[in-house]
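The values are calculated or read from the model by the stated rules, or taken from the named source; none is laboratory data. None of these values were measured; they are calculated from a predicted model. Neighbour counts run over all protein chains shown; Cβ positions are idealised from the backbone, glycine included.
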Amino acid sequence: MTTTMQSGGGGDEEQGVLAGRPPRGDGDEMEIGWPTDVRHVAHVTFDRFHGFRGVPEELLQQQQPGLGLGTVEDGVVRAPSASKTVFGVSTESMQCAYDGRGNSVPTVLLHLQRRLYDQGGLRAEGIFRVAADGAQEQYARDQLNNSGVVPDGVDVHCIAGLVKAWFRELPGGLLDALPAEEVTRCQTEDDCARLCRARLPAPRAALLDWAVNLMADVAREEKANKMGTRNVAMVFAPNMTRADDPLTALGHAVQLMNFLNMLVERALKHHHRPSSSSSASSVLING
């Protein structure tokens, strides 16, 4: 049996019902008025280097642990992000601080880096390659979103996985501003650095410089962790692009792996101490 359905033009009444609007009676129209008794009681702003400013005192007093509002210092709510999450949001909406090289970096990344180093993660075999326990990573991720702090007991592979996840979910992809054909043409370490300075906006260049020096710190411990420059570039590259097409993403990741490998090699030649304590200037930004 074949059923044929025909759709006619219908009247305004019929189309209104189909669109989800309530039917109107004859001469009975529903109107939505403007808000009344509106008062401007507070002006709250988000400062990337401090947090929320202008939060009403009554809200500060009502703050409870686990609400994701961050800590309160001198009336300023120091939250890791202006959003409910620290993943998948622009750095413009995140609390930032300067690393030892003068790069403006989200505080959540600096916290993850500090925990990784303090827990001996640089010497852990397969660091950034070994997959973390899924349940533990989700728990740590939730805690980061709530407070910007990794809870005690989280292992180094989980911390490393969160660093990669942060870059993987960064809107726009960290290196997607670099034209693929220009990345391919880079034949030397200096070519790569020049392309970054020419094409990457300053905030992205600062993030890349931080990431490259983190990778260099890992590669410096290759004898212990079995992660040389090429290995660490290989595990980071897929997280630096957000191409929609899988084949395009795969091809671009291979190019980025070679690109990152040269940048890490360059960083190793320029610096001799871990980036968490070095005061040297940025390799990528300042040359």
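Some notes on this structure:
- The range 107-122 - residue that is touching a residue at least 60 places away in the same chain (Cβ under 8 Å) and out of contact with any Lys or Arg (no Cβ under 9 Å at 6 or more places or on another chain) and, of those, farthest from F167 (Cα to Cα): Y117
- Condition met for A124 (of a type outside the set (S, T, Y), more than 18 Å from the chain's Cα centre (by Cα) and crowded, with 21+ Cβ neighbours inside 10 Å): yes
- Subset of the range 127-150 (residues that are surrounded by 16 or more Cβ atoms within 10 Å (Cβ to Cβ), hydrophobic (A, V, I, L, M, F, W, C) and assigned to a helix (DSSP H, G or I)): A140, L144
- Test: residue in the range 151-163 that is of a type in the set (V, I, T) and not in a helix (DSSP H, G or I): yes
- Qualifying residues in the range 192-229 (those that are outside any helix (DSSP H, G or I) and over 21 Å from the mean Cα position of the chain (by Cα)) - the one surrounded by the most Cβ atoms within 10 Å (Cβ to Cβ): M227
- Residue, modelled with the lowest pLDDT, within the range 271-287, restricted to residues that are assigned to a helix (DSSP H, G or I) and crowded, with 18+ Cβ neighbours inside 10 Å: I285
- Of the residues making up the range 146-163, those that are hydrophobic (A, V, I, L, M, F, W, C) and more than 9 Å from L116 (Cβ to Cβ) are V149, V150, V154, C158, L162.
- Per-region count, the range 75-96, residues within 14 Å of T107 (Cβ to Cβ), modelled with pLDDT under 50 and either in contact with a Leu (Cβ under 9 Å, 6 or more places away or on another chain) or of a type in the set (K, R) (or both): 4
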